[in-house]
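Shown next, in structure tokens, is the structure this report addresses.
Quick note: the coordinates plus some simple rules give every number you see, no bench work behind them. Predicted model only: the values in this text are computed from it and were never measured. In this analysis, Cβ positions are derived from the backbone assuming ideal geometry, glycine residues included, and neighbour counts consider all displayed protein chains.
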Amino acid sequence: MGIRLPDGPDPTAGLDPDLVNAARGIGFAVGARLRELAPALRPTSDAGGEPDLVVEDILLDPDDPLDPLTLVACLQAHDSYVGARGRPTGASPGALALARILTWAARAEMLGRAPRIGWIGPPARRPDDVAGHAVTARVVLTDGTARVRAAAVAVIG
């Protein structure tokens with residue numbers, strides 16, 4: 001199953017299909033960057049089944065509201081990444097958090113000068129000697145009744 005949205009209305013309903021496809025294009029490009037970063041995949045169950053994680057929240061700090069096109073790009077990036085890792089229905093919460101930051105940067109680049117990411121990865125691995133402004137993404141997913149959390153940080157120089 002991988003990572004999916006909760007049951008309910010399609011967040012892209014009523015949006016221009018060309019905009020949705022452009023968001024997917026951003027997601028494919030971000031997915032290529034995720035392959036370089038290689039975040040971990042969630043393990044399969046003992047029976048070999050893939051995780052079934054439902055998106056509860058995807059946050060970016062400083063506050064940047066998650067709009068439907070950014071959501072599409074992030075999910076496309078995640079799906080592209082796990083597919084490239086040979087597990088098309090796999091899940092990587094860390095990849096989704098990284099995708100949120102990279103999608104933000106890609107969209108910012110379209111508006112002007114791209115933010116220069118000096119370092120990106122899990123907060124626990126952030127080097128002490130990298131100076132700059134931190135941008136942090138946090139994802140909260142549900143796996144049945146359990147919550148799964150992941151975070152990523154980028155240092156913008």
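Could you go through region 74-89 and let me know if any residue there is surrounded by fewer than 17 Cβ atoms within 10 Å (Cβ to Cβ) and part of a strand (DSSP E or B). There is no residue in region 74-89 that is surrounded by fewer than 17 Cβ atoms within 10 Å (Cβ to Cβ) and part of a strand (DSSP E or B). For region 122-157, a residue qualifies if it is surrounded by fewer than 17 Cβ atoms within 10 Å (Cβ to Cβ) and either free of Cβ contacts under 8 Å to residues at least 12 places away in the same chain or of a type in the set (Gly, Ala, Ser) (or both), and the qualifying residues are 124, 125, 127, 128, 129, 131, 132, 134, 144, 145, 146, 157.
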